[in-house]
1. What value, in deg cm²/dmol to 500, does the helix sum -39500 (n - 2.57) over DSSP H runs of n ≥ 4 give at 222 nm once divided by the residues of the chain?
2. For Ser67, what is the net charge nearby, where nearby means another residue's Cβ is under 15 Å from its Cβ and Lys, Arg count +1, Asp, Glu -1?
3. Can you compute the FRET efficiency between Leu57 and Val15 using 1/(1 + (r/R0)^6), with r the Cβ-Cβ distance and R0 = 22 Å? Round to the nearest 0.05.
4. Which whole-number percentage describes the relative contact order of the range 43-104, with Cα contacts under 8 Å and a sequence gap of 6 or more?
5. Which angle from 0 to 90°, rounded to the nearest 10, does the C-alpha axis of helix 122-140 make with the longest principal axis of the chain?
6. Among (i) -0.57, -0.99; (ii) -0.42, -1.10; (iii) -0.29, -0.87, which one is log10 I(q)/I(0) by the Debye sum over Cα atoms at q = 0.10, 0.17 Å⁻¹ computed from these coordinates?
7. Over all directions, how big on average is the projection of the convex hull of the alpha-carbon atoms in the range 1-70, in square nanometres?
8. In square angstrom, rounded to the nearest 10, how much accessible surface does Lys127 have for a 1.4 Å probe?
Amino acid sequence: MKTYGGFLMSQIGRVSGRIWERLLKECGVDAFNGAQGRILYVLWDHEKLTITEIAKLTSMANTTLTSMLDRMETEGLVKRTHDKVNRRQIFVSVTEKAKGYQEQYEKICNNMNDIFYKGFSETEVEKFENKLRRILKNLEES
């Protein structure tokens, strides 16, 4: 049986990335790009995270993440602090500037979800996302 799952997921990623960047631009969000938005998204849900935790939650490589965090710190979106007990441990958190974008970002997320799931029932969305989680788990265990 010939399958197209990986190819289709790759295409979806590219097309949705272009739409995401367009939505950011249309909403006037120019302080960060889509990939940096993923970092902010996980940080908004947590008080602070280590780089390793962010990498796991965003599926980004540590090296990519480190350079992105450098730029985001320069832009005043994130700050890094050393753990008081273990000075080698560094935590990343969002700044007040970044918090100011959260509501706008969530609106863009909702808009993207409307585009993504147009014509899907809630049951279809739930089943689809459960299958995606299974695929992700399979990939992570490989």
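The values are calculated or read from the model by the stated rules, or taken from the named source; none is laboratory data. Please read all numbers here as calculations on a predicted model, not as lab measurements. Every residue, glycine among them, receives a Cβ derived from its backbone with ideal geometry; neighbour counts consider all protein chains shown. Note: accessible area is taken over every heavy atom of the protein model, side chains too, but ligands, DNA and RNA are not part of it. Shrake-Rupley method; radii C 1.70, N 1.55, O 1.52, S 1.80 Å.
1. Counting only the DSSP helices, I get -20500 deg cm²/dmol.
2. 0
3. 0.40
4. 37 percent
5. 60 degrees
6. Answer by label: (ii).
7. For the Cα atoms of the range 1-70, the hull's average projected area reads 6.2 nm².
8. 120 Å²
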